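Let me begin by presenting the structure, written as C-alpha cells, before commenting on it.
The values are calculated or read from the model by the stated rules, or taken from the named source; none is laboratory data. Keep in mind the model is a prediction, meaning the values are calculated, not measured. Here Cβ is always computed from backbone atoms with ideal geometry, including for glycine, and neighbour counts include all displayed protein chains.
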Amino acid sequence: MAFPEKIKEILTTWENDIINTKTFPREIYPVLEESMTDQLPVVLCGVRRCGKTYLMYMLFKEFEQGCYINFEDERLMGLTASDLEEIYMAYIGMKSPKRPLMFLDEVQNVEGWEKFVSRLYAKVKFVISGSNATLLSSEYATALTGRHIPYQVFPLSFSEYLKATGNHTLNRLITEQRAKLSDLLNDYFDYGGFPQASLEKNIELIKSTFNSILFRDIIRRFGVKNALSLETLARYLAVNPGKLFSYRRLSSLVNISHEDTVKNYISYMEKAYLFSTVLKFDYSIRKQYANQKKIYTVDTSFSKYAGHLFSDETGRLLETVVFNELKRRGFDVYYWRNEQGKEVDFVSCRQLVPVQLIQVSVRITDEQQLAREISPLLIASEILNIKNILLITLYPVTFNLPSVVAHISAIDWLLSE
C-alpha cells in the first residue's frame with residue numbers, strides 16, 4: 001500500500017474533484033439522504049456508469065467530513081482489505097470527524113472488503129457502491145449478517161432525462177411542447193439513460209460502456225474462457241429485447257456447445273445488471289422456470305448501438321423502456337401467454353401477486369390490430385382475475401376501447417407519479 005502521505009494526497013485530490021463536479025437531481029436521492037441518519041451501511045448496486053458515483057458525490061457534498069475512495073483508481077490496484085485500515089487511519093488523522101463517513105466506490109475490486117465494513121460499521125457510516133450483484137450475494141450478506149440497506153440504481157428515467165436536459169417544465173397539454181417531448185422521447189430511445197452518454201449523445205461512449213461491462217464486469221470477474229462466445233451472445237440478446245428464447249435455441253444460434261454454458265453466461269450478465277430475464281407468469285415456480293423466457297437490456301442505447309440494431313424496432317425499444325420503468329418503480333415483472341399464443345407483454349406483481357396487465361404498442365392502425373392487442377388482455381384478465389388493465393401506446397388511439405381497458409400514451413405514463 002502507498003505511504004500515508006500518498007494516501008492523504010489521493011483523498012484530497014478526490015475531494016477537490018467532487019467539490020468541482022456538477023450534479024443534477026435523481027429521483028432516488030431523497031431516499032438515500034434519509035438513509036444517512038441510520039448507522040447501517042448503504043449499498044448502491046447497478047450497472048456500470050448509471051450514476052452511482054454521482055449519487056455518492058451528492059451525499060459527500062451534503063454530509064461533511066466524509067472520505068471518498070474510488071477503487072478503480074489505478075493508484076490503488078491490488079489493494080487488499082488490510083490496506084483499507086491504512087486508508088481509514090489516514091482519513092481519521094486528516095479530518096478527526098465526529099461521525100466518520102466513508103464512501104467506498106466500486107468496492108468489489110477489493111477482496112475481503114466486507115470484513116472491514118463489518119468490523120467498523122458500528123462507528124463508521126459506510127456508503128458502498130458496486131457494479132455487480134454479487135455485492136449483495138450470500139457470502140457478503142453473511143459477512144455483514146444482513147446489516148446493510150440495499151438500493152438498486154438505474155440509468156436515468158425519462159423524467160430524470162428531461163430534468164438533466166433542462167426540459168422538465170414542458171407542458172404536455174400544449175401541442176407544440178408535447179411535440180418537443182415526443183422528439184425528446186425518441187432521443188431517449190436512441191441514446192438511453194446513461195447520464196454522460198445520453199446527455200452528450202455520445203455513441204462511442206455507449207459502445208465503450210457496453211464493452212467495459214462485458215470485459216471488466218463479466219469476462220474478467222467470472223473467469224470466462226471463451227470471451228468471443230459470451231460477447232456474441234450478449235450482442236445477439238441486445239438486438240432482440242422482448243423476444244422469447246430458450247437456452248437450447250440460443251446455444252444453437254450463437255454456436256455454443258452446451259445449454260448450461262448459455263445459462264451461466266446469461267446469469268453472469270444479469271449479475272452485472274446488463275440484462276434482466278422475464279419469466280412467464282404462473283403461480284407454480286417450477287412452471288415459471290420451465291417455460292420460455294424473455295430478456296431486456298438495462299438501457300435501449302445498447303440495443304441501438306452496442307448490438308447494431310439496423311431495422312426500425314421502435315416497438316421493442318418502447319417495451320424495453322416500459323419494462324425498465326416498471327422495475328424502477330419496484331414491481332416484479334412477468335409476461336403472460338396461453339397455449340393458443342395469446343400474449344400479454346407485462347404482468348406487474350407485488351411478491352407474486354399480480355396487480356396489473358400491460359400491453360405495449362407503438363400505434364394501433366386498424367380494428368384488427370386493436371383486437372389482437374386487446375384480446376390477450378381480456379383473456380388474461382379473466383384467468384388471473386386482474387381488473388387493472390392498461391394499454392400503452394406511443395401514438396394516439398383513434399378507435400374505441402372496451403370500457404375495462406384503460407389507455408395512456410407512453411409520454412404520460414412515463415411522466416406519471
Glu114 fails exactly one of the following numbered conditions: (1) crowded, with 22+ Cβ neighbours inside 10 Å; (2) more than 29 Å from Met269 (Cβ to Cβ); (3) of a type in the set (Asp, Glu). What is the number of that condition?
(2)
Some residue of segment 221-228 being of a type in the set (A, V, I, L, M, F, W, C), under 30 Å from Leu394 (Cβ atoms) and in contact (Cβ under 8 Å) with a residue 12 or more places away in the chain:
no
May I ask you to list the residues in segment 300-315 that are at pLDDT 95 or above and over 18 Å from Leu233 (Cβ atoms)?
Thr300, Ser301
Within segment 122-143, is even one residue at pLDDT 90 or above, surrounded by fewer than 17 Cβ atoms within 10 Å (Cβ to Cβ) and either of a type in the set (Lys, Arg) or under 29 Å from Pro25 (Cα atoms) (or both)?
yes
Taking segment 14-37 only, how many residues are at pLDDT below 90 and either closer than 19 Å to Gln152 by Cα or not basic (Lys, Arg) (or both)?
3
Single match in Val355, Val347 (criterion: aliphatic (A, V, I, L, M), more than 20 Å from the chain's Cα centre (by Cα) and closer than 23 Å to Ser157 by Cα):
Val355
Go through (1) farther than 30 Å from Phe302 by Cβ; (2) in contact (Cβ under 8 Å) with a residue 24 or more places away in the chain and name the single condition Gln108 misses.
(1)
For segment 153-192, what are the residues that are part of a loop (DSSP other than H, G, I, E, B) and either crowded, with 21+ Cβ neighbours inside 10 Å or within 15 Å of the chain's Cα centre (by Cα) (or both)?
Val153, Phe154, Pro155, Leu156, Ser157, Gly192
Please work out if Asn324 is within 26 Å of the chain's Cα centre (by Cα) and not aliphatic (A, V, I, L, M).
yes
Val362 being at pLDDT below 95, among the aliphatic types (A, V, I, L, M), within 28 Å of the chain's Cα centre (by Cα) and surrounded by fewer than 19 Cβ atoms within 10 Å (Cβ to Cβ)
no
Test for Ile213: is it within 13 Å of Leu274 (Cα to Cα), of a type in the set (Val, Ile, Thr) and in contact (Cβ under 8 Å) with a residue 24 or more places away in the chain:
yes
Of everything in segment 367-390 that's over 16 Å from Glu319 (Cα atoms) and without any contact (Cβ under 8 Å) to a residue 24 or more places away in the chain, which residue is surrounded by the most Cβ atoms within 10 Å (Cβ to Cβ)?
Arg372
